[in-house]
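Asker: Once you've had a glance at the structure underneath, I'll fire off some questions.
The values are calculated or read from the model by the stated rules, or taken from the named source; none is laboratory data. Quick caveat: nothing in here was measured; it's all calculated off a predicted structure. Glycine gets a Cβ as well: all are built from the backbone with ideal geometry, and neighbour counts include every protein chain shown. Note: areas computed on protein heavy atoms with side chains; ligands, DNA, RNA excluded. Shrake-Rupley method; radii C 1.70, N 1.55, O 1.52, S 1.80 Å.
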Amino acid sequence: ATTEIYTLSLHDALPILDLLNHLLIGFENAVTWTNLLYCFVGVTLGTLVGVLPGMGPVATVAMLLPITYALDPSTALIMLAGIYYGAQYGGSTTAILVNIPGEASAVVTCLDGHRLALAGRAGAALGIAAIGSFIAGCFATVVIAAFAEPLTQVAFQFGPREYFSLMVLGLVGAVVLASGSLLKAVGMILIGILLGCVGMDVNSGALRYVFGIDELMDGFDFVALSMGVYGFAEIIRNLDVLGDREAKPVPVGRVLPSKNDLKISAGPITRGTLIGSFLGILPGGGALLSSFASYTLEKKLAGEKANPPFGHGNIRGVAGPESANNAGAQTSFIPMLTLGIPSNAVMALMIGALMLHDIAPGPQVMTNNPSLFWGLIVSMWIGNVFLVILNIPLIGLWVRLLRVPYRLLYPAILVFCAIGVYSINNNPFDIWITIGFGIFGWIVNKLGCECAPLILGFILGPMLEENMRRALLLSRGDLSTFVTGPISGSLLAVSALLLLIVILPAVRSGREKAFAEED
């Protein structure tokens, strides 16, 4: 009996020992001078673009993709990841001090954060945002480490039909969770899929939609497309919206929150962390949806007895959403790392970075390149430590940066973008493509369309087509193969259910009202 108990306890301990072994591999890779330096550079840049109104992690990651070509793949991913979750920290600074969300997920923080600042409690709000973000980021890193390997093992059971159905679910998720009109989101996804079809067909070698232009034989360059619809389009939009307007931040005051603030915020931070950790995994979810869901929950729990009311400077309206958006930003790496499916635009760019280094995204990354996989996960914890150091003592520096007029920033950004695009293929045609997509991105934004579904369609479209054709070849053209497989059929059923739910009149009106409040 003693031997049996010992065997069982050893068997139960094996997954924990495996996890610790993997984390040690990650530490060996992440804790090198080069990777520590680029992790620090990434989180600093992320904080900076989060602080500066008009910038954002998507545009910044798109701009920096050319630079990563010269870096080691692990170093490149560590830096790009730092930019993404670092921007969630920085976005709260402008939201609280000048009532302008530096990053999309900080929209909700404006509601109570700026009211706290006007009441002379900007420092407390910034301190709670930084503490909540740190706790959420650390917890989300543990979630990634715990669930990465089991999900990867599940992914190895996937064949072409399962991957096809999973990508359909990813695209449906992007449609359901895109702000604004469902029809516009579907339209943007279809445009993205069509753009992904341009170039030479992998199977037949036939040229598709090149219109005699030799430069399009290999399709549109991902860096040129992403930098156009995000980098250039964002600059045009900001010039249109911001003009010469300069931010005028309010005084910060004492940064560290009081014991009472910490006590009040403990519950919202815990709930926000859990909500963000779950919603970040969903396709199309991530930081924005997490922060909005957390704010809604805290408002419901407080009810009419909230003092002060939500929207009038309640610190719980900062603690919950700021924790949720950081947890959501980090757990959105799970589907990208384990399944090769991007859950948002930044994860699509991360997959683009992997492809630049000839690394096929998906479960093979963990088995073929474990130091890259686990090094990235460990770097997230290190990055969160860096971010606390950056965001609490250096608040004064970020406040001074808010006074830099945008008219002085955008020419440097444009030049940087153009050099980056040209350096990939040394081809001036790519710059013209970037300009064209920049104008296109600005136009569709004016029409109320999001570019994130387009990027997801561009990335997933060719993979969707390839897996569909493989599945049909294996089944000899039998379309029922997609619904007869248990995993594939379940994924398609979930996709259909999501679409049916969101089409219901009550759900659709509630969704439109929610996104209207968010705007």
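Asker: Can you tell me which of (1) open to solvent by 60 Å² or more (accessible area, probe 1.4 Å); (2) modelled with pLDDT of 80 or more is the one Phe416 doesn't meet?
Answerer: Going through (1) open to solvent by 60 Å² or more (accessible area, probe 1.4 Å); (2) modelled with pLDDT of 80 or more one by one, Phe416 breaks only (2).
Asker: Among the helices (runs of 4 or more DSSP H) lying completely within region 151-241, list those that include at least 2 residues that are among the β-branched types (Val, Ile, Thr). Write out each step before concluding.
Answerer: On the way: elements: 160-176, 182-196, 222-226, 233-241.
Result: 160-176, 182-196, 233-241.
Asker: So is Gly489 modelled with pLDDT under 85 and either on the phi > 0 side of the Ramachandran plot or touching a helix residue (DSSP H, G or I) at 6+ places or on another chain (Cβ under 6 Å) (or both) or not?
Answerer: Values: modelled with pLDDT under 85: no; either on the phi > 0 side of the Ramachandran plot or touching a helix residue (DSSP H, G or I) at 6+ places or on another chain (Cβ under 6 Å) (or both): yes.
When the stated conditions are applied, Gly489 does not pass them.
Asker: Please specify each residue of region 316-344 satisfying the condition of being closer than 27 Å to Leu126 by Cα and open to solvent by 10 Å² or more (accessible area, probe 1.4 Å). Before you say what the answer is, go through the steps one by one.
Answerer: Start the filter on region 316-344 by keeping residues that are closer than 27 Å to Leu126 by Cα, which leaves 316-333, 344.
The answer is Arg316, Asn344.
Asker: I'd like to verify a number: residues in region 73-112 that are open to solvent by 10 Å² or more (accessible area, probe 1.4 Å), in contact with a Pro (Cβ under 9 Å, 6 or more places away or on another chain) and either modelled with pLDDT of 80 or more or within 22 Å of Cys138 (Cβ to Cβ) (or both), how many?
Answerer: Matching residues across region 73-112 total 2.
Asker: Within the bounds of region 348-367, is there any residue that is of a type in the set (A, V, I, L, M), closer than 30 Å to Ala124 by Cβ, modelled with pLDDT of 75 or more and crowded, with 22+ Cβ neighbours inside 10 Å?
Answerer: In the first step, residues of region 348-367 are kept if they are of a type in the set (A, V, I, L, M); the result is 348-351, 353-356, 359-360, 365-366.
Going one step further and asking which of them are closer than 30 Å to Ala124 by Cβ, we end up with none.
Scanning region 348-367, I find no residue that is of a type in the set (A, V, I, L, M), closer than 30 Å to Ala124 by Cβ, modelled with pLDDT of 75 or more and crowded, with 22+ Cβ neighbours inside 10 Å, so the answer is no.
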